[in-house]
Structure formats: C-alpha cells, structure tokens
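Working notes for the structure below.
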Amino acid sequence: MKQATADPYQALNSVITAEAGAEVRFDACYSPYWAALGRFVDDARSALHDT
C-alpha cells in the first residue's frame, strides 16, 4: 500500500506548492490510488474473516 500512496502524496504536495502541471499529475494518480486502497481493504477484510 505504501507504494500506491507515494505518487499521489508527491502530486498533492506539488499541488500545494503550486508547481506547474501538478493538478494533471494528481488527477492521473487519483483513480489508481483509490483502486489500490479498495484492494487493500478487501484483502484486510478477508484476512480478518479467515482468522
């Protein structure tokens, strides 16, 4: 999960510091981040239910 958060975090920091093109980079990271988060939550639920 840490890998999935690196690009969005860096892109968000770029937006905060008003770097050129940062919004486009953040938008490109948004969907993949939420997809990875969804997989993580699903895996965590499965792990909890399997124990």
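Restricted to the range 1-17, and to residues that are open to solvent by 80 Å² or more (accessible area, probe 1.4 Å) and among the polar types (S, T, N, Q), which residue is modelled with the highest pLDDT?
Top of the filtered list is 17.
Could you say whether any residue in the range 18-31 is out of contact with any Leu (no Cβ under 8 Å at 6 or more places or on another chain), part of a loop (DSSP other than H, G, I, E, B), among the acidic types (Asp, Glu) and surrounded by 10 or more Cβ atoms within 10 Å (Cβ to Cβ)?
Yes, the range 18-31 contains a residue that is out of contact with any Leu (no Cβ under 8 Å at 6 or more places or on another chain), part of a loop (DSSP other than H, G, I, E, B), among the acidic types (Asp, Glu) and surrounded by 10 or more Cβ atoms within 10 Å (Cβ to Cβ).
Working only within the range 32-51, note down all residues that are β-branched (Val, Ile, Thr) and open to solvent by less than 100 Å² (accessible area, probe 1.4 Å).
41
The values are calculated or read from the model by the stated rules, or taken from the named source; none is laboratory data. This one's a predicted model, so the numbers in the text were calculated from it and none came from an experiment. Note that we place each Cβ from the backbone using ideal geometry, even for glycine, and neighbour counts take in every protein chain shown. These accessible areas exclude ligands, DNA and RNA; they are computed on the full protein's heavy atoms, side chains included. Shrake-Rupley method; radii C 1.70, N 1.55, O 1.52, S 1.80 Å.
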